[in-house]
Each structure stands twice: as C-alpha cells, then as structure tokens.
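The values are calculated or read from the model by the stated rules, or taken from the named source; none is laboratory data. Source: prediction; values computed, not measured. Here Cβ is always computed from backbone atoms with ideal geometry, including for glycine, and neighbour counts include all displayed protein chains. Quick note on the areas: whole protein, heavy atoms, side chains included, nothing else; ligands and nucleic acids left out. Shrake-Rupley method; radii C 1.70, N 1.55, O 1.52, S 1.80 Å.
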Amino acid sequence: MPWSTDSKPNASGAFRAQVTICPITHVLTGRFTMLHRPLRLSLPVALVAPLLLAGCFDEQRDTASSEMGERLSVAMLQPPRSGLTPLSDDAFKLSRWSAAETLIRLDANSDPQPFLATGWEQLDARTWRFVVREGVTFHDGTTLTASDVVNSLTAATQAIPKPRILDGVSMTIEADGDDAVIVRTEKDDPLIPNRLSSPQLAILAASAYGDDGRINPVEAGTGPFVLKEINGVTSARLDRFDDYWGEPAAAAGIDADYVSDGTARAAALRTGAADVVEAVPVSQVALLDPALIHEVPMPRTNTLYLNTAKGPMADPSIRAAAREAIDRAALVNTVYEGRADTAEGLLGPALAWASDYRAPLEAPTAPGAPDGAEITLATFTDRAELPEVAVLLEQQLTRAGFRVNQEVREYAHIEADALAGEFDAFILSRATVLDSGDPVAYMFSDFACAGSFNIAQLCDPAVDEALAYAAEQPTGEGRRQAIMAAEAAILRTDAAVPMLHERVIQGESARIAGAERDPRERMLITEKTAINAESES
C-alpha cells in the first residue's frame, strides 16, 4: 500500500493533515523510501516522522471539523488471527469494541450479571434456564429470539477446536418457548453463568453462520457499535448502531488499526493519531505525557515454580530457603521500572476481592541451608522481561547459598521439559483467571495432582481437597473464601513463589473520556466512550 502526506489549508484557514501510512517497516534508517511514487512533503519532516511511526493509520482529521472528532481511533495490539470469528481469541476484539454481546456479563468481583439474558435459575445440578431479553435487534435488522441463542451456543459446542471456555465441558442448548433457553451439562457445573459471559460465546444473528461453517461477524452483533468492514489484518471500521437496545453510543464510530509495533503505538498516542492505545511498552512511557498513561492491573502473576518431586527443591526446607531469598521489590523496580505490584499471593489486585479474604499463612516451613545446592533455573524468551527476571533471581539465589545454572529458550522449545519436571525452578508469567473470570481452573491446572500444567510436580492431598471444595461452590462470597483457602494450601507447600503481578499500560488521548480500563481485557470502547467536549473546544 502506498503512503503519502499532504497538507493544505481548508476553508477556515486551518491546516489538515491527510496521512496514509503503511507499513512502518519502511522507516528503518531515518530515510523516507517510496513504494510506488515519490513522497510529497508539505509538512516539515520532523512532524511527519512520528506519524510514520504511528502505524498503518489512514487519518483525515480536520481541526475545524467536529464530525471526524466524533469517531474514535483505536490502536490495537495484535491483528485478528481468525477473521474475527467469535470462536477464537478474536472474540475479545468484538467485545472490546462493543460490537458483540453475551448472555451474561461479569461484575468487578467476577459475579454474573444480566446482559442479553435478563435472568436465570438453576433447575437442578446440571440444568439451567436463561430468559432472553426482549426488544433486542441484531445489526442486520432481525430480532433476537431464543432460537438465535440456541444457534450461536450450539455452533460453539460443535466447533473444532472448541472455544477455550468450553474445554472439558459437554453442553447442550434448547429453546424453551420464544423467550428462554435451557442449558444442560453432562457434569455438575456451578460456573455455567460465568462461562456464558465469555466473549467466545457471543450471540450473533443467524446470517453470520455460513453453510461452510464459517462465521462472519459483519453486521451480525447486538452491541452499540456495528462492525461494518474487516480489512484483513490491517484495520476494522465500526459505526454507531442507532437501534441499540440500551443506551445509544456517544461516539459516531470506531476506526481500529492493528499496530503490533510497540514504538509505533506509543507514537500514535504521542502525535494524536490514536485516541486509545492498547499495551504501551514500559520503554516508551518516559516519552509520553503522564496524563495519557493509565496502568491497569492484570490477572497475571510472575511466579517461580519449584520442583517438588526431585532435585534439591524436593526438600521443603530448601524450597523455603528459595522463597526467603527472593527480593520482590528489586524485581519490580529494576525489571518492570516500578510498573508492577509485588505479590502477596497467587492472586493480585486485578481480583479486587482477593486481599479481603487473604490471611497470613500459619506456621510456614522454616528455611534450611542450601549449602551450595546446584539448581537449574529456567524460563523463556517470548516475554522479554522474563530473561531479565532470571538474571536478578540468579543473583539473589546465589547470595542465599545456591549454585545456579540458567536455561533460557523459546517457549515452544522449553514447555515440554518444564512440564516433565526437568528443571529445579521455572519462571512463568501466568494468567490466573481464564475466560470464566474464576481462578479455580488455573489453580487446578497448575497445582492439583491431576493438573495438566503442573510444572511444580505438586501432589498434595490438602491442596487437592481444598481445590475440590472450591470447585463445588456456587459463585459468590462462599466460593471466594474457598478459593483463598485453596491459595493458602498451595502457598504452604512453597511449590510456587509468587513474585509480582503485572500491569498493562493503556494510552488515552486528552480528548477521550469514558474508555474502560478492564483487567479482564473484555471491555475498552463502550457506549459511554466519547470525545471530551472541553478538549474539542
């Protein structure tokens, strides 16, 4: 795609910059190169260069025009992987743009709340009834009915592969009249309402589902914004949906560009090419106005997993020595430049309720003397900060009396060895709540005897008992208490030493108001997101 820059005064004497920029890879050495024709520069090069770094934005902003100002420009971290089908991780983009909606939404405590379903009841341990909201119009003009819900959810259950939220879940859905559906599961599952909140189970119009099994979300959702165009892995365009069942959107639409380069996303925020920017790199923060930067705690914990089955760490007192050797504050301040939270447990501030239910551990194992015990500390390169964490941890463990060897590879080349227990210690940045908004699945996967991701090789009856009890509880205060009891049982083993909780840095221009800062990354632009009138005046 060619790029060009043009600048000329409009009727009011204000200058308009029209910039089409793609790809940023053509700005590598400080020289501007051309794709198909010479670049005409009417703006100073010093002004154009940051715009070139802003990614593939097609901007035509008139300083005297409020019409363009009513649309929101968003720089997304990653392009879609599956054509924006809701049965993949692309579903989170449809959710963050408020284009597709689910039967249920979660509140700050991860408790289910009405959305496209106005109410529900559990008929027995394996049967649920959900009442479908009346008066909802799809973007294609059809009306939401129970049969549409059955169609969307059945497509998800039959997909290959299944959406992640349905891993291990056998579920059938049938209409109960025109305004309700019955959901049946093969096993008892108190998290069915939470599961139905996953963006991967969004309800789309029948027109979205093709005979070939493909799903096209264009003009098929129910949200305040209608998806109008999918431009491959470059951009997407959404307009306000005037027939939305709820509060109409304040903005006229959304122009979403996929900008994988972190420097380019930061430049887009700095130059005003984007109103909202996903995941600004820590390295770019110092170059930006602090007022544009917002740190959002993530449900992701940087954890040191210790091998409980063999090697020096099989001794609980040696694991305790490793626990005591870790200086969490040094990791946060050095590697993350202070933009992370020191960990007090497995679950961090992204789960607002966790600290309310956490109590100090009783009688933790006393640390022993490493006496030069030789250990292998491993991690992977895919997350750039983890090798840096490994360097600091090696220093801390060495001071405590360990002899440390490092093993650092790409994740694809190290995962199998980690799961097989080949390392004494493994550094992992781990998501602590999966699509249901509930941490029990993560805890079971990582710390139960039968866990499929049990890097620590832990098999402790007290842990299994605590996890089984938590899994049986319905959502609410009782389940939260049981989850924190399970966390305590895990921490008593020192199989995992939580070090810090990560944050994501979200950029918002001065002209924007009402962008969501969602730890679960389900919401970003909503019907309330708008241009700040004061910034436009």
Inset, instruction - Might you tell me the accessible area per residue for the stretch 337-407, computed with a 1.4 Å probe and given in Å²? - result: 50
Legend entry - Of all accessible heavy-atom area on the stretch 443-537, the percent that carbon and sulfur account for (1.4 Å): 50
Inset, instruction - Rounded to whole Å and ordered largest first, report the semi-axes of the equivalent ellipsoid of the stretch 385-449 derived from its Cα gyration tensor (root of 5λ). - result: 26, 14, 13
Legend entry - Three-way shape label, the stretch 239-294, alpha-carbon gyration tensor, a/c 1.5: prolate
Inset, instruction - Evaluate the charge dipole of the stretch 118-169 about its Cα centre and quote only its size in Debye, nearest 20, assuming +1 on the Cβ of each Lys and Arg and -1 on the Cβ of each Asp and Glu. - result: 180
Legend entry - About the Cα centre, charge dipole magnitude for the chain (Lys/Arg +1, Asp/Glu -1 at Cβ), debye: 1340
Inset, instruction - State in Å² the accessible area per residue of the stretch 427-536; use a 1.4 Å probe, count heavy atoms of protein chains only, and round to the nearest integer. - result: 35
Inset, instruction - With no solvent and one equal point scatterer per Cα, compute the Debye intensity ratio I(q)/I(0) for the chain at 0.10 Å⁻¹ and report its log10, rounded to two decimals. - result: -0.91
Inset, instruction - Report Rg(Cα)/(2.2 N^0.38 Å) for the stretch 372-413, keeping two decimals. - result: 1.18
Legend entry - Cα-projected label distance for residue 127 with residue 532, points at 7 Å along beta-carbon direction, nm: 5.4
Legend entry - Accessible area per residue in Å² at 1.4 Å probe, computed on the stretch 243-324: 33
Legend entry - Antiparallel DSSP beta bridges within the chain, percent to nearest 5: 80
Legend entry - Estimated 222 nm signal from helices in the chain, with DSSP H stretches of n ≥ 4 weighted -39500 (n - 2.57), rounded to 500: -7000 deg cm²/dmol
Inset, instruction - With r as the distance between the Cβ atoms of residue 450 and residue 359 and R0 = 41 Å, compute the FRET efficiency 1/(1 + (r/R0)^6) and round to 0.05. - result: 0.90
Legend entry - Potential lengthening between residue 384 and residue 137 on full extension [0.36 nm per residue; Cα-Cα distance subtracted]: 84.5 nm
Legend entry - Rounded Å value of the spacing that divides the Cα centres of the stretch 471-515 and the stretch 379-394: 22
Inset, instruction - Please work out how much length the chain gains when fully extended from residue 413 to residue 230, using 0.36 nm per residue of separation minus the C-alpha to C-alpha distance, in nm with one decimal. - result: 62.5 nm
Legend entry - the chain, relative contact order [Cα under 8 Å, separation at least 6], %: 17
Legend entry - Alpha carbon centroid spacing (whole Å) that separates the stretch 243-304 from the stretch 166-240: 26
